[in-house]
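For reference, the structure is listed below as structure tokens.
The values are calculated or read from the model by the stated rules, or taken from the named source; none is laboratory data. Source: prediction; values computed, not measured. Don't worry about glycine lacking a Cβ; one is built from the backbone with ideal geometry, like all the others, and counts go over all protein chains shown. Accessible surface is based on the protein model in full, side chains and every heavy atom, while ligands, DNA and RNA are left aside. Shrake-Rupley method; radii C 1.70, N 1.55, O 1.52, S 1.80 Å.
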Number of protein chains: 2
Amino acid sequence: MKTLKISEAVVRRLPIYLRHLMELKQREVLTVSSQDLGQKLDLNPAQIRKDLAYFGDFGRKGIGYDVSYLIEQIRHILKLDQEVHVGLVGAGKLGHALCNYSVYLNDNMKIVAVFDAMPNKVGSQINNLTVMAMDDLRDTVRRLNIRIGIITVPAPEAQHVADQFVEAGVEAILNFAPVILKVPSHIRVHAADFTTDLFSLAYYLQEEDGKEKVENGETVNHS
Amino acid sequence: MKTLKISEAVVRRLPIYLRHLMELKQREVLTVSSQDLGQKLDLNPAQIRKDLAYFGDFGRKGIGYDVSYLIEQIRHILKLDQEVHVGLVGAGKLGHALCNYSVYLNDNMKIVAVFDAMPNKVGSQINNLTVMAMDDLRDTVRRLNIRIGIITVPAPEAQHVADQFVEAGVEAILNFAPVILKVPSHIRVHAADFTTDLFSLAYYLQEEDGKEKVENGETVNHS
DNA sequence: TAGATTGTTAATCGATTAACAATC
DNA sequence: TAGATTGTTAATCGATTAACAATC
């Protein structure tokens, strides 16, 4: 069992493994090979074995991986076996949508508080949560042990919100605003801005008229 | 000016450069160095220069990059200087939210049609768009020249929607559903599922009790 | 001219893949 | 036993970073 230096690329694949394993479990599949997984997830089987081997010897030679056991292990690695409270700032459409997705989230990971800077939003209901004022953020984060913050405010306000999250003691931030946040190095930030994705997709569109960039059709590797 | 094999990593950084350059332009900054950009965007200046140099000699030695000119160039590279029509399937909260973000999108990239499989959603209004039935997808994609499809339906329906997008002739897909889509190799798919992000964030949380995984605190490189 | 900054080559670093002995 | 499949080492591939001549 290795310990040190697990790369972000590896960690980002774990939820993808987990998600598919849960589906297999639901279909009552008992065992799965790295071959099978690779096929389904479009990944190299050796990579999957290597990823998992960073954390333990989860498989059995000649057999594969026990689906339930592997789920349990990955859930532990990702700390999804403990309660993780999430707070969200920005009670707009997107914030609303994410709160609803909450249902899809793991039982242990849930959005427990929603905040907004607009006075007219404060007090309104989202599912079973009442939108709170930003003034309540700091105390609420501490009181409810909120460890992850989600930011769904417009870009110009995102940095300020991040600062407040950090101040309040959040450990990680998922940022939907299209800005690069400046935070202390011990805070983990993941960018979830969909415009970046969408704009980079446009690059791969075929040239409208066949006149230039012919080379792209051949060189670009569609995955 | 290089041509071949521009990696996905490079393409994904272009929208980030663009975004910051637009901000600079708004602040009437005329010129920017790779140094400055790197500082703001948390990237290595050499990497920025190399990224840009794949597409042309946009900078001036001793001076830096002309902000307006570089914006123009990146917009061209990303094809944001042409009209790109986008279609969206799944008129739920998330779909709604993305349609609203449309305002933030580039003028030339816009969501021009929304579809939903639920009969009770069909006919309702989202901004200035009327939600259409799935039966209309194929014809509408062709009629309106929709080139990018966005999927915001529940996971079990996502593959079917993708199939229909592909059949209709869409060139790229932005998928918010937590599944790996199977599409022909000439179709580009970007995953935009936020649960993956959120789950991988949980990995980086501190251990609740100080008993195990001490190594993480030291080895993990927070970016 | 002196200082700044590019574009680019070479060096480094890290991640993916292939290959295979171990073993179920 | 024969076939399948892991965990792991070694080879490959690709991306990032450092360094520097060219030049504004």
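Side notes on the structure shown:
- Percent of alpha-carbon pairs separated by more than 26 Å within segment A:31-163: 42
- Charge-dipole axis of chain A as Lys and Arg at +1 and Asp and Glu at -1 on Cβ define it, positive-most pick from A:Tyr54, A:Ile146, A:His186: A:Tyr54
- Förster radius 25 Å - calculated FRET efficiency between A:Gln35 and B:Glu8, Cβ distance, rounded to 0.05: 0.50
- At 1.567 mPa s and 4 °C, Stokes diffusion of chain B via Kirkwood alpha-carbon radius, µm² per second: 64
- Per residue solvent-accessible surface (Å²) - chain A, probe of 1.4 Å: 49
- Label geometry 7 Å along the beta-carbon vector: A:Asp139 inter-copy distances in nm: 6.0
- The alpha carbon centroids of segment B:106-121 and segment A:77-154 are separated by 27 Å.
- Free of any GluC sites (Glu not before Pro) that DSSP assigns to a loop and that have at most 16 other C-beta atoms within 10 Å, the longest stretch within chain A is A:84-206.
- Shortest first, A:Asp81 label-point distances to identical copies amount to 5.6 nm, with the label point at 7 Å from Cα along Cα→Cβ.
- This model, with +1 at the C-beta of Lys and Arg and -1 at the C-beta of Asp and Glu, gives segment B:84-198 a dipole about its Cα centre of some 160 debye.
- Identity and axial distance of the chain B residue whose Cβ lies nearest the axis relating B to A, Å: B:Ala97, 2
- Kirkwood hydrodynamic radius (C-alpha pairs) into Stokes-Einstein, segment A:8-77, 20 °C and 1.002 mPa s, D in µm²/s: 181
- Build a GNM of chain B with springs between Cα atoms under 10 Å apart, and of B:Ser185, B:Ser68, B:Ser102 the one that fluctuates most is B:Ser185.
- Between the residues B:Ala172, B:Ile74, B:Leu205, the greatest Cα displacement towards the positive end of the dipole of chain B, with unit charges on the Cβ of Lys, Arg, Asp and Glu, is found for B:Ile74.
- Estimated buried accessible area (total), pair B and A, 1.4 Å, Å² to nearest 100: 7700
- Fluctuation leader among B:Lys110, B:Lys61, B:Lys182 - chain B, Gaussian network, Cα springs under 10 angstrom: B:Lys61
- Computed P(r) (all Cα pairs; segment B:50-102; 5 Å bins; percent): 4, 15, 19, 15, 11, 11, 11, 9, 5, 2, 0
- Between identical copies, the spacing of A:Asn44 label points, each set 7 Å from Cα toward the C-beta atom, reads 2.1 nm from nearest to farthest.
- Considering only the protein assembly as shown, percent of DSSP beta bridges that pair antiparallel, nearest 5: 20
- Convex hull volume of the C-alpha atoms in the protein assembly as shown, normalised per residue: 162 Å³.
- In the protein assembly as shown, a dipole from Cβ-located charges (positive for Lys and Arg, negative for Asp and Glu) runs towards its positive end, and of A:Gln35, B:Ser124, B:Leu30 it is A:Gln35 whose Cα lies farthest in that direction.
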